[in-house]
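Derivation of every value follows stated rules applied to the coordinates shown; laboratory data play no part. All values derive from a computational prediction rather than experimental measurement. As a convention, Cβ positions derive from the backbone with ideal geometry for all residues, glycine included, and neighbour counts pool all protein chains shown.
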Amino acid sequence: MTSDRNEVADTVPGDRELRQLLAGLTAVRDGDFGTRLPEDADGLMGDIATVFNGMVDQLSVFTSEVTRVAREVGT
């Protein structure tokens with residue numbers, strides 16, 4: 001039973017990691033597409049960071065393209 005709890009504890013992000021995620025999400029919400037989460041964490045948090053960073057990259061490309069098209073249409 002104790003080893004099962006230890007395994008779960010190793011896979012669940014801790015307070016520090018969740019605060020980093022919250023800070024990253026807040027930055028992106030506010031338009032900062034240069035924000036990144038550290039991908040050096042093991043397990044679930046490393047996977048979350050990799051997906052988060054990829055999502056931010058895609059959002060950055062998308063917003064750049066929308067801005068470019070808006071400029072073309074506006075001229």
Largest-first principal axis extents, alpha carbons of the chain, Å: 67, 17, 16
Hey, rough spin-label estimate for Val66 and Asp47, points 7 angstrom out along Cα→Cβ, what's it come to in nanometres? 2.9 nm
Between Val73 and Glu39, what length comes free when the chain is fully extended (0.36 nm per residue of separation minus the Cα-Cα distance, one decimal in nm)? 8.4 nm
